[in-house]
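Structure first, then comments.
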Amino acid sequence: MIDHARAETVRGASRPEEVPAQIAASADIDPRCRIGPGSLVWHLAQVREFAQIGSGTIIGRGVYIGPGVIIGRNCKIQNYALVYEPALLENGVFVGPGVVFTNDVFPRAINVDGSRKSNDDWEAVGVTVRTGASIGARAVCVAPLTIGRWSLIAAGAVVTKDVQDYALVAGVPAKRIGWVGRAGAALRDEGDGVFVCPATGEKYLESGGALGLA
């Protein structure tokens, strides 16, 4: 069930003509977060304080969005993904079911004296995901790292290093195994550094180990 009245109080919209966000009654939404118009937040999701979610974004069932996390417009965060602070997702990012973004380089529950760690005992580091990138189901992104524009992370990958724009990466640890275009399809190698998208016909050029639109 979607609680439209509750959505109106947290959606962050300022113009009456904007379509309000729709938020499931079972979702746990901190009143200090901002959720853009046209967004959908489904059952049992949790959005923490000061998080910002852009317009038209979908937050699936059981998703966790940490304090201060920033998510752009028209993203899709699928069921039970865990997006820990201080993650930053630009516009049009896809995050598959069960994806985890870590935020601690040296995770410990206690200090060396045996005392329990507090928020002041460690420094949070984040994952940055650039525009149009997609992260497959149950992938783990180990912060700090940046995932490039329009790249594609295979399901189950463990990403420990920065990912280039348009890169297709897979494995544990993840390595580049090819290139993808903006449509998400693997690019066809035409030789001489030229790659073509079989879905759209767009051409790309590889130079110095990087790929860009021709």
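State whether one or more residues within the range 57-69 are out of contact with any Asp or Glu (no Cβ under 6 Å at 6 or more places or on another chain), closer than 20 Å to Glu123 by Cβ, of a type in the set (A, V, I, L, M) and at pLDDT 95 or above.
For the range 57-69, residues out of contact with any Asp or Glu (no Cβ under 6 Å at 6 or more places or on another chain), closer than 20 Å to Glu123 by Cβ, of a type in the set (A, V, I, L, M) and at pLDDT 95 or above: absent.
Output the number of the condition that Ala157 fails; it satisfies all remaining conditions of (1) in contact with a Leu (Cβ under 9 Å, 6 or more places away or on another chain); (2) modelled with pLDDT of 95 or more.
Only one criterion in (1) in contact with a Leu (Cβ under 9 Å, 6 or more places away or on another chain); (2) modelled with pLDDT of 95 or more is unmet by Ala157, namely (1).
Looking only at the range 103-122, count every residue that is modelled with pLDDT under 90 and not polar (S, T, N, Q) and tell me the total.
3
(1) in contact (Cβ under 8 Å) with a residue 40 or more places away in the chain; (2) at positive phi: which one isn't true of Val95, the others all being true?
Condition not satisfied by Val95: (2).
Could you grab me the full set of residues in the range 111-146 that are loosely packed, with under 15 Cβ neighbours inside 10 Å and either of a type in the set (D, E, K, R) or within 21 Å of Arg188 (Cα to Cα) (or both)?
If the condition is that a residue be loosely packed, with under 15 Cβ neighbours inside 10 Å and either of a type in the set (D, E, K, R) or within 21 Å of Arg188 (Cα to Cα) (or both), then Asp113, Arg116, Lys117, Asp120, Asp121, Glu123 are the ones that fit.
Exactly one of (1) in contact with a Pro (Cβ under 9 Å, 6 or more places away or on another chain); (2) modelled with pLDDT under 95; (3) small (Gly, Ala, Ser) is unmet by Ala214. Its number?
(1)
Return the residue satisfying two criteria in turn: it lies in the range 83-118 and is among the basic types (Lys, Arg) and part of a loop (DSSP other than H, G, I, E, B), and of such residues it is nearest to Ala183 (Cα to Cα).
Arg108
Any residue in the range 38-55 that is among the aliphatic types (A, V, I, L, M), in contact with a helix residue (DSSP H, G or I) (Cβ under 6 Å, 6 or more places away or on another chain) and at pLDDT 95 or above?
So in the range 38-55, the residues among the aliphatic types (A, V, I, L, M) come out as 40-41, 44-45, 47, 51, 53.
Next, from what is left, pick out any that are in contact with a helix residue (DSSP H, G or I) (Cβ under 6 Å, 6 or more places away or on another chain): none.
No, because not a single residue in the range 38-55 is among the aliphatic types (A, V, I, L, M), in contact with a helix residue (DSSP H, G or I) (Cβ under 6 Å, 6 or more places away or on another chain) and at pLDDT 95 or above.
Here are some residues: Ile153, Ile177. Which one is under 17 Å from the mean Cα position of the chain (by Cα), of a type outside the set (Ser, Thr, Tyr) and within 20 Å of Val140 (Cβ to Cβ)?
When all the criteria are applied, what remains is Ile153.
The values are calculated or read from the model by the stated rules, or taken from the named source; none is laboratory data. Computed from a prediction, not measured in an experiment: that's the story for all the values here. When we count neighbours, we look across all protein chains shown, and the Cβ atoms used for this are built from the backbone with ideal geometry, even at glycine.
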